[in-house]
Amino acid sequence: MTRVRQAVQDDVPELVRLRAMLFENLGGDFFNPESHENSEERDGGWRGELAVVLKEQVASESVRILVVDAGDGSGLAACGIGTIEQRLPGPHLRNGRIGHVIGVITDPAHRRRGHSRAVLEELLDWFRHQFVARVDLYASAEGEPLYRALGFDDLPDPALYWRP
């Protein structure tokens, strides 16, 4: 049985490692822009910035960072992050509260053991208790079947983005 727990400050280095692994797995120019030849320059210091934000948000009321320990003392096997955003209410969003699932990932050495499912199920329970009207996520091809099995569906609108 997978034991999911809330992350603590000491988990931040492992959370950064897993998030970097997530971007490496997703690939493509969006997640790994090749604007610089040097890896450190390409990262743009984002790992350090991520560590600062994670340390601030590990105990936040509007963020839930869940982890699964590897069990062999080697760090974390999996993690997932949930955030809540307050938008304007409307007929399609009764209270304006939107949950976002961010970065569910399992270390390859610990996959196929139900860790991601356990993390996601706990995040969904948290969202229910926080009275969110909708939960959004961006799915990798590998993760999509799990998300659909848990009731996620396509958004009715296209997802677009803009970078200044």
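Taking Asn95 and the conditions (1) touching a residue at least 24 places away in the same chain (Cβ under 8 Å); (2) part of a strand (DSSP E or B); (3) out of contact with any helix residue (DSSP H, G or I) (no Cβ under 7 Å at 6 or more places or on another chain), which numbered condition does it fall short on, given that it satisfies the others?
It is condition (2) that Asn95 fails.
Check whether at least one residue in the range 143-157 is touching a helix residue (DSSP H, G or I) at 6+ places or on another chain (Cβ under 8 Å), farther than 18 Å from Leu22 by Cα and either open to solvent by less than 20 Å² (accessible area, probe 1.4 Å) or among the hydroxyl-bearing types (Ser, Thr, Tyr) (or both), and report yes or no.
Looking for residues that are touching a helix residue (DSSP H, G or I) at 6+ places or on another chain (Cβ under 8 Å), farther than 18 Å from Leu22 by Cα and either open to solvent by less than 20 Å² (accessible area, probe 1.4 Å) or among the hydroxyl-bearing types (Ser, Thr, Tyr) (or both), one finds none in the range 143-157, hence no.
Could you count how many residues in the range 126-164 are part of a helix (DSSP H, G or I) and either at pLDDT below 90 or closer than 20 Å to Glu85 by Cα (or both)?
Looking only at that region, the number is 4.
If Val104 satisfies every condition in (1) within 15 Å of Ile84 (Cα to Cα); (2) in a strand (DSSP E or B) but one, which is the exception?
(1)
Going residue by residue through the range 88-96, is there one that turns out to be open to solvent by 60 Å² or more (accessible area, probe 1.4 Å), basic (Lys, Arg) and at pLDDT below 95?
Yes, the range 88-96 contains a residue that is open to solvent by 60 Å² or more (accessible area, probe 1.4 Å), basic (Lys, Arg) and at pLDDT below 95.
The values are calculated or read from the model by the stated rules, or taken from the named source; none is laboratory data. On a predicted model such as this, the values are computed, not experimentally measured, just so you know. Neighbour counts are summed over all protein chains in view; Cβ atoms, including those assigned to glycine, are modelled from backbone coordinates with ideal geometry. Note: accessible area is taken over every heavy atom of the protein model, side chains too, but ligands, DNA and RNA are not part of it. Shrake-Rupley method; radii C 1.70, N 1.55, O 1.52, S 1.80 Å.
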